[in-house]
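Novice: Just dropping this structure here.
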Amino acid sequence: MQDNSQQFVKLGLGAIALIMLIAILLAIWNAVSIAGKEKVEIYIAPLDSVVTINGKRIKDTSTYLKEGSYSYSVTRDHFTPMSGTLVVKKGASSSIIAPLDPLDNEGRTLYKQRRNDYLRLEDFANTAATIKGEDFQEKNPIVGLLPYSNMLFTIGYKNDPSDNSGESIILTIHTTPDYYDAAVTQISNWGYDPVDYKIEINKEENPFR
């Protein structure tokens with residue numbers, strides 16, 4: 001009887017050791033599989049919509065991707081599909097936010113039944129917008145002073161269309177040629193180097209480049 005008990009103990013310890021080994025191997029595999037990649041959160045409504053990134057279906061609420069540009073689509077029967085471009089940058093948070101609009105009566109019925117899916121997504125979108133605004137101003141602190149206007153010139157900004165991330169800006173100056181230098185000097189007086197920015201002066205090229 002004692003031998004049987006000892007055998008059961010050994011089997012139990014062996015099973016525990018095997019489970020721990022599997023857990024360690026899974027942890028190592030997960031770490032290796034996401035190395036050099038950034039996390040992308042996926043928020044969709046309805047929750048059973050189909051998400052594909054570069055043609056590959058994503059079944060989880062998040063995935064890991066290398067830095068780069070990806071095409072994505074979100075589809076569901078009876079709802080209008082959404083598609084777009086996802087830009088993943090190193091060290092930056094990325095997400096897909098896709099609330100699908102009902103396409104027909106069945107879709108509208110499902111929309112009412114899945115209202116909680118949309119409320120959850122709206123909460124995240126509001127939080128993401130706040131964080132994005134804070135990140136944008138942190139990367140472009142000069143926007144806190146803009147638009148600026150006096151009797152001689154106006155300085156504003158717009159998003160740089162060459163940057164898909166939406167994080168870069170172009171400073172815009174509206175004035176007559178006599179006051180171009182005064183407007184640029186104002187930027188320097190704020191403590192910013194005009195050379196660090198793309199500047200559009202009445203649609204002319206940046207004089208510093």
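Novice: Using only the alpha-carbon atoms, what does the stretch 142-201 span along each of its principal axes? Please give whole angstrom values in decreasing order.
Specialist: Computed over the Cα atoms, the extents are 34, 22, 19 Å.
Novice: Once amide H atoms are placed 1.01 Å from N in the peptide plane, what residues at a sequence separation of 5 or more from Asp160, or on another chain, have their amide H within under 5 Å of its amide H?
Specialist: Under 5 Å from the amide H of Asp160: Ser168, Ile169, Ile170.
Novice: Please give, to one decimal in nm, the separation of the simple spin-label points placed at Leu152 and Glu122, each 7 Å out from Cα toward the Cβ.
Specialist: 4.9
Novice: Right, here's the next one. Please give the charge dipole size of the stretch 72-127, origin at the Cα centre, charges +1 on K and R Cβ atoms and -1 on D and E Cβ atoms. Round to the nearest 20 debye.
Specialist: So the dipole magnitude of the stretch 72-127 works out to roughly 240 debye.
Novice: Let me ask you something else. Over all alpha-carbon pairs in the stretch 72-209, figure out the percentage whose distance exceeds 20 Å.
Specialist: 60
Novice: Under a 5 Å amide H to amide H cut-off, with H placed in plane at 1.01 Å, what residues pair with Phe79 once short-range neighbours are removed?
Specialist: Long-range HN contacts for Phe79: Leu103.
Novice: Output the Kirkwood hydrodynamic radius of the stretch 37-138, Cα pairs only, in Å rounded to one decimal.
Specialist: It is 14.4 Å.
Novice: Normalised radius of gyration for the stretch 60-120, please: alpha carbon Rg relative to 2.2 N^0.38 Å, two decimal places.
Specialist: Normalised by 2.2 N^0.38 Å, the Cα Rg of the stretch 60-120 equals 1.35.
Novice: Can you give the FRET efficiency for Ser162 and Leu103, using 1/(1 + (r/R0)^6), R0 = 41 Å, r = Cβ-Cβ distance, to the nearest 0.05?
Specialist: The pair Ser162/Leu103 has a calculated efficiency of 0.70.
Novice: Give the residue list of chymotrypsin sites (Phe, Trp or Tyr not before Pro) in the stretch 29-117 that are DSSP loop and have at most 10 other beta-carbon atoms within 10 angstrom.
Specialist: Passing sites in the stretch 29-117 do not exist.
The numbers here are math on the coordinates, done by the rules we state, and not lab data. Everything numeric in this text was worked out from a predicted model, so none of it was measured. Every residue, glycine as well, gets a Cβ built from its backbone with ideal geometry; the counts of neighbours run over all protein chains shown.
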